[in-house]
Amino acid sequence: MSGEGKDPAGQRPSKPPADVERVGTLTRLSDGRQYSLGFGSLRVGRQKRADLVVTDKTVSRHHADVCYESGRYVLYDHSTNGTWINGTLVAVAQPLRNGDTIKFGKIEFRFGLREVPADEAAALVGAETSPKRIPKTATLIMKGGKGKRRTGRSILRIALAVVGIVVIALVLVYLLLPDVAASIIEKLPPGLQSLLGGDSG
């Protein structure tokens with residue numbers, strides 16, 4: 001018998017013992033935090049829906065996907081700022097090898113393979129990856145008050161939503177309970193009274 005075939009990348013890592021499996025990991029170089037990839041698809045990005053959330057302005061909302069395909073991990077880039085593997089810009093898709101350095105925007109990780117018991121690995125197959133948040137780093141520099149503008153927009157949205165709810169509530173009171181609406185209008189300043197009830201009476 002000729003033995004085992006090669007993987008699609010043309011290279012075959014040494015096979016682990018039958019009772020263990022190799023699971024991909026991403027280790028953040030700045031703090032050593034390690035994140036398991038499992039055997040499905042993992043989305044990397046700045047948006048909260050990502051599986052691996054990296055809150056850095058150089059990282060796109062949906063920056064990249066790391067997918068387990070045919071016994072190997074493949075990285076697919078979807079970013080605007082680029083993804084690099086060992087210093088080379090990823091064009092579309094790139095198989096990952098143990099020890100590869102991956103840079104999403106300016107945030108660097110090292111891809112590795114970790115041996116886990118086969119029964120644990122089997123439980124990871126097809127399972128959704130629980131969201132993981134990576135905190136901001138020193139590379140996050142807000143220029144031109146972008147961070148303040150983003151916070152200001154959030155406050156403005158909340159204020160507009162509250163005003164909208166109040167307006168809808170007042171319209172409903174005015175239509176369904178005209179007597180109550182009239183008593184409320186009487187307590188308002190004269191200018192608002194003429195605006196809200198000018199054609200009544």
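Looking across the stretch 62-89, the residues that are of a type in the set (S, T, Y) and in a strand (DSSP E or B) come down to Y68, Y73, Y76, T83, T88. When residues in the stretch 90-109 are screened for being in a strand (DSSP E or B), touching a residue at least 24 places away in the same chain (Cβ under 8 Å) and open to solvent by 20 Å² or more (accessible area, probe 1.4 Å), 3 of them pass. Within the stretch 77-89, track down each residue that is surrounded by 15 or more Cβ atoms within 10 Å (Cβ to Cβ) and farther than 21 Å from T55 by Cβ. Matches in the stretch 77-89: I85 only. For residues in the stretch 36-61 being touching a Ser or Thr at 6+ places or on another chain (Cβ under 7 Å) and assigned to a strand (DSSP E or B), which is most open to solvent (accessible area, probe 1.4 Å)? Taking the candidates together, the pick is S36.
The values are calculated or read from the model by the stated rules, or taken from the named source; none is laboratory data. On a predicted model such as this, the values are computed, not experimentally measured, just so you know. Note that we place each Cβ from the backbone using ideal geometry, even for glycine, and neighbour counts take in every protein chain shown. When the accessible area is computed, the model is the full protein with side chains, heavy atoms only, and any ligands, DNA or RNA have been set aside. Shrake-Rupley method; radii C 1.70, N 1.55, O 1.52, S 1.80 Å.
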